[in-house]
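Note sheet for the following structure.
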Amino acid sequence: MEKKLADADIAAEKAAVEKPLRADARRNRDRLVEVAAAVFAERGIDASLEEIARRAGVGIGTLYRHFPTREHLVEVVYRREAEGLCAAAGDLAAKHPSDVALEQWMQRFVDYIATKRGLATSLRILLSTNSTLFSDTSGRVSQALRQLVEAAVADGTIRGDVDASDVLHALSGIYSAPDTPEWRDRSRRLVRLLMDGLRFGAVAKA
């Protein structure tokens, strides 16, 4: 029975991908994903699909038409957050000095981690069924950070002995911090402290 349900979910997802959405349906879907990311970050495992639909301004039936299961919605939200984080690296690098771009990207990483923490339970379920989801996204996130770090090292706006993997390790420590009401503010302060350390001793290049 479970296999039949899983097959039905896969078939529904495939049909949704293959069939172009009308403009209003596309707006509804995008709005649901945007709202879901915020609600999952706020409420974590307590987030209800009914609340997501209500805050998105649609009925629960509309949500289920786009996302047949909770895990389907979680996967789309997670991919969206990871893709947005990766795309931000290039956007920030084009607009700001290299160290500022790095700091702003790391602040955005805090928001990414907040959403990921909220999705934790469902992500563990996905981990057992989707072997490429996490390898694909984690590799791209690591590469985005590496590009920003290497650009700042090359410019001399952060110290020259910095390794991107060490920075990622420090950032990842935010994920395991206690989930308290002030977690996000504390994490942003930690990012600023981390940047102070990265800038210490840097010699800007002409």
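The values are calculated or read from the model by the stated rules, or taken from the named source; none is laboratory data. Bear in mind that the values here come from a model prediction, so they are computed numbers and not experimental data. Heads up, the Cβs are rebuilt from the backbone with ideal geometry, glycines too, and the neighbour counts pull from every protein chain shown. These accessible areas exclude ligands, DNA and RNA; they are computed on the full protein's heavy atoms, side chains included. Shrake-Rupley method; radii C 1.70, N 1.55, O 1.52, S 1.80 Å.
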Matching option when the condition is touching a Gly at 6+ places or on another chain (Cβ under 8 Å), within 16 Å of Trp105 (Cβ to Cβ) and open to solvent by less than 80 Å² (accessible area, probe 1.4 Å), among Val149, Val162, Val153, Val191: Val153
Total residues in region 134-166, condition more than 22 Å from Lys95 (Cα to Cα) and either touching a residue at least 60 places away in the same chain (Cβ under 8 Å) or of a type in the set (Lys, Arg) (or both): 0
Members of region 31-71 found to be open to solvent by less than 70 Å² (accessible area, probe 1.4 Å) and of a type in the set (Lys, Arg), listed by number: Arg70
Residue that is most open to solvent (accessible area, probe 1.4 Å) [pool: residues in region 118-143 that are in a loop (DSSP other than H, G, I, E, B) and touching a helix residue (DSSP H, G or I) at 6+ places or on another chain (Cβ under 9 Å)]: Thr129
Yes/no for Arg146 being under 26 Å from Gly44 (Cα atoms), in a helix (DSSP H, G or I) and out of contact with any Lys or Arg (no Cβ under 7 Å at 6 or more places or on another chain): no
Conditions (1) open to solvent by 40 Å² or more (accessible area, probe 1.4 Å); (2) within 16 Å of Arg140 (Cβ to Cβ); (3) of a type outside the set (A, V, I, L, M): number failed by Cys86: (1)
Residue within region 168-187 that is among the aliphatic types (A, V, I, L, M), surrounded by fewer than 16 Cβ atoms within 10 Å (Cβ to Cβ) and farther than 17 Å from Lys116 by Cα present: no
Test: residue in region 71-83 that is in the same structural domain as Leu193 (by the TED database) and closer than 22 Å to Leu194 by Cβ: yes
Residues of region 10-38 classified as at pLDDT 90 or above and among the β-branched types (Val, Ile, Thr), total: 2
Some residue of region 110-117 being of a type in the set (Gly, Ala, Ser), open to solvent by 10 Å² or more (accessible area, probe 1.4 Å) and not assigned by the TED database to the domain that holds Phe40: no
Test: Asp99 is part of a helix (DSSP H, G or I), open to solvent by less than 30 Å² (accessible area, probe 1.4 Å) and in contact with a helix residue (DSSP H, G or I) (Cβ under 9 Å, 6 or more places away or on another chain): yes
Any pair with Cβ under 7 angstrom, 6 or more apart, that starts in region 188-206 at a residue that is over 12 Å from Ala170 (Cα atoms) and modelled with pLDDT under 95 and ends at one that is small (Gly, Ala, Ser) and open to solvent by less than 40 Å² (accessible area, probe 1.4 Å): Ala202/Gly156; Val203/Gly156; Ala204/Gly156; Lys205/Gly156
